[in-house]
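Derivation of every value follows stated rules applied to the coordinates shown; laboratory data play no part. This is a predicted model, so every value here is computed, not measured. Positions of Cβ are generated from backbone atoms using ideal geometry, with glycine treated the same way; all protein chains shown enter the neighbour counts.
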Amino acid sequence: MNICKAIVFVASSVSCISALAQIQEIKSSNNQIGIQGISSYVDYREINDGRFGTTVGTLNTEKGWVPGFAVSASVMKDWLFGNDYLQFQYSRNKGHTDYTGSRLTGGVFGSAVQENDATLTDYSLRWGKGFSVNQSSMFTPFLEVGRHEWKRGVNQGETYTNNYYGIGALAQYTPMPRLVLSANALIGRTFSSDISVNGPLGFSGGLGNSGRTGKTEKIGR
């Protein structure tokens, strides 16, 4: 399943510390609380492999934009190693996706088309250390762990979950006072992926794991 997120609006409350050095502008911008309006695109497909006499090919798909919000809090302080960076983020999307598949009673792919409820919940924790490249730039490598949950409204309900870990980096540059340009990238891997299906024929079990990548950019003050 691929999930893409778009930021609709951003409102941040930034705790600034007055200082003459430009690098302090970057450190101050990393002490903030943020609120974002987001929209996540779900692109999901199930494929039959022919076991138990089933038809080989696409079983069902689920696609669509799901609106939501995200809140985050970050801080950069001199705790352990200097320029210690900590960030927590939580997001929740709730809406509908377009389902294409077949009914439990039988049929071929495409014989059932409907809208399904979808709820996506994500949260993550990031820790890193900032290194001053020069008086106007900072590079912050970080470690991140997180969890993802998708409550899928198909049939009597299905829940997909996974955890992930990864490494990434945050690059920041301040061209003038009170303006900080930021970009970050992450690469990681999922683990403990599971599915839980509700109903009299319900079951739960493990799913495969895969790589995870992400990249975001932001402008802060």
Lone unmet requirement of (1) in contact with a strand residue (DSSP E or B) (Cβ under 7 Å, 6 or more places away or on another chain); (2) surrounded by 14 or more Cβ atoms within 10 Å (Cβ to Cβ) for GLU115: (2)
Leading residue by the ranking (farthest from the chain's Cα centre (by Cα)) among those in the range 156-167 that are in contact (Cβ under 8 Å) with a residue 40 or more places away in the chain and surrounded by 15 or more Cβ atoms within 10 Å (Cβ to Cβ): GLY157
